[in-house]
1. Output the number of residues of the stretch 77-98 satisfying the condition of being farther than 18 Å from PRO52 by Cα and either at pLDDT 95 or above or within 10 Å of the chain's Cα centre (by Cα) (or both).
2. Could you tell me which numbered condition ALA112 fails, if it satisfies all but one of (1) out of contact with any Asp or Glu (no Cβ under 6 Å at 6 or more places or on another chain); (2) more than 19 Å from GLY19 (Cα to Cα); (3) surrounded by fewer than 14 Cβ atoms within 10 Å (Cβ to Cβ)?
3. Between GLN18, GLN50, which is surrounded by 13 or more Cβ atoms within 10 Å (Cβ to Cβ), touching a residue at least 24 places away in the same chain (Cβ under 8 Å) and assigned to a loop (DSSP other than H, G, I, E, B)?
4. Restricting the first residue to the stretch 86-114 and requiring it to be in a strand (DSSP E or B), which pairs with a second residue that is open to solvent by 80 Å² or more (accessible area, probe 1.4 Å) and among the aliphatic types (A, V, I, L, M) meet a Cβ separation below 6 Å and a spacing of at least six or different chains?
5. Please find, within the stretch 55-76, the residue that is surrounded by the most Cβ atoms within 10 Å (Cβ to Cβ) out of those that are modelled with pLDDT under 90 and not aromatic (Phe, Trp, Tyr).
6. Looking only at the stretch 23-39, decide whether some residue is out of contact with any His (no Cβ under 8 Å at 6 or more places or on another chain), in a helix (DSSP H, G or I) and open to solvent by 50 Å² or more (accessible area, probe 1.4 Å).
Amino acid sequence: MPSMIEVRAPLDIKVDPQGGWQLVFWVLDSFNYATPFRAMLVEIAEALAQHPLRSVSLPNYIVEEDFVEGTLQFDGSSLRIYYEHVLSYLTLVNDDRGVLTMVAQRVQPRIALI
């Protein structure tokens, strides 16, 4: 059985300030360096029927990392990943809003609003 991704607010798709669209996951508490965002990305990749080790690209983990950027490959699309521990949010970014809508729909069963 898959793990749940705990969020503080419903998933939201909005305009990305750098262009395109972003799917926003508001997760756990701000300034919480124990938030398991890397494990959340594994859950997201699995919900999208992707193999996490091949589809998620992130820099190596460092203690108290912040402003982490990477990519997630999904159905021929590349989603930009951005995670910020200080504000505790994860975004997936793509130029096509439809791609993010599809991602949100497939991930939704693994979302727990707390």
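The values are calculated or read from the model by the stated rules, or taken from the named source; none is laboratory data. Keep in mind that this is a model prediction, so the values were computed, not measured. For neighbour counting, all protein chains shown are included, and Cβ atoms are generated from backbone atoms with ideal geometry for every residue, glycine included. For accessibility, only protein heavy atoms count, side chains too; no ligands or nucleic acids. Shrake-Rupley method; radii C 1.70, N 1.55, O 1.52, S 1.80 Å.
1. 6
2. Failing condition for ALA112: (1).
3. GLN50
4. Close Cβ pairs (under 6 Å, with a partner that is open to solvent by 80 Å² or more (accessible area, probe 1.4 Å) and among the aliphatic types (A, V, I, L, M)) amount to ALA112/MET4.
5. Across the stretch 55-76, the extreme among qualifying residues is GLU65.
6. Among the residues of the stretch 23-39, at least one is out of contact with any His (no Cβ under 8 Å at 6 or more places or on another chain), in a helix (DSSP H, G or I) and open to solvent by 50 Å² or more (accessible area, probe 1.4 Å), which makes the answer yes.
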